[in-house]
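Data first, discussion second: the structure below is written as C-alpha cells.
Read the figures in this text as sums done on the coordinates, not as results from a lab. This one's a predicted model, so the numbers in the text were calculated from it and none came from an experiment. Because the Cβ atoms are built from the backbone with ideal geometry, glycine has one as well, and the counts that use them run over all protein chains shown.
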Amino acid sequence: GPVQDLVGTRVVVTAGGTREPLDPVRFLGNRSSGRQGIAIAEAAAARGADVVLIAAHLEVPPPGGVELREVSTALEMQDAAAAASADADVIVMAAAVADYRPVEVSEGKIKKDDRGDSMTLELVRNPDILAGLAAAKRDGQLVVGFAAETETDRARQLELGRSKIARKGADLLVLNRVGWNEGFATERNEITVLDSTADIVLEFAGSKVSVAHRILDVIAERL
Ligand code: C5P
C-alpha cells in the first residue's frame, strides 16, 4: 500500500455539488460528480489519515474507510464543514458549492399555469464556506480550496487563481479547467496548485486518483 505519512492526521474533504431547492421537486444544481474529492478522501485514508467526507450528491459511490456525512444545500454543507473542521488538521474544499440559492422555496410545486410564459427567480448569495473556514483557521490547520475555471487562456487562468487565493485566504488553491467536456464527469484531471504567496507549487495531469496523491504530497510536506 501507499506510504503511511498521514497517520494521526484528521482530514475533512467536501465533495460533490450542492443542490438549492426551488420547490419540493426541483433544484438548482451543477455538474460536479464528486470524483476528485472522493479520490482525495480515499487516498488520504489509504495514507493513514482519519477522514471525514462531507458529500453533496455524489454521482459515484463514496469510498469505504471514511466517515461519510451527507448534505444537500450549501447551508447544510457550511454547518457540516464547521462542525467537522473544529478538530481537523486539513480541510479540502473540493465540492462545487452553489454561489446562490433561491430566496423563496415554494411549499408546493411551482405551476406553469400560475406563472405564464416566463418566470423570474430571485436568488441570494450563499456564504463562502472556504473563506469562512480560512478566516477561522486554527494554528497549524491547512485549508485547501479548488477553483474550477472555464478560462482557456493560461495567463488569465493563473491571474484568476492568484486573486482567488488572496480573496479566500486559503493556504493552497488547486486550479483546474472545466468545460462542457472537461473536468467534471471525466476520470482525468489537469491541475495547477498555488500556495498562499500565489507561487506555483505543482503542475500535474493524470487520473483523479494520481492527482489526489500529488495534492496530498504537497499537503503532507506542509503539515
Ligand atoms: O469562488 P469559487 O466558487 O470559484 O471558489 C471555489 C472554491 O471555494 C472551492 O474550494 C469551493 O468548494 C469553495 N466555495 C465555498 N463556498 C461557496 C463557493 C465556493 O466554499 N459558496
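Annotations
- Summary of packing: across the peptides 44-51, 33-40, 155-162, 97-104, the per-residue average of other C-beta atoms within 10 Å ranks them, highest first, as 33-40, 44-51, 97-104, 155-162.
- Placed amide H near Arg19: partners under 5 Å, 5+ positions off or other chain: Thr73, Ala74
- In this simple spin-label model, placing a label point 7 Å from the Cα along the Cα-to-Cβ direction at both Asp5 and Ala82 gives a separation of 3.4 nm.
- Footprinting exposure proxy ranking of Leu173, Leu142, fewest other C-beta atoms within 10 angstrom first, gives Leu142, Leu173.
- Structure remark: mean-square fluctuation, Gaussian network model of the chain, C-alpha springs under 10 Å; the largest value among Gly132, Gly29, Gly116 belongs to Gly116.
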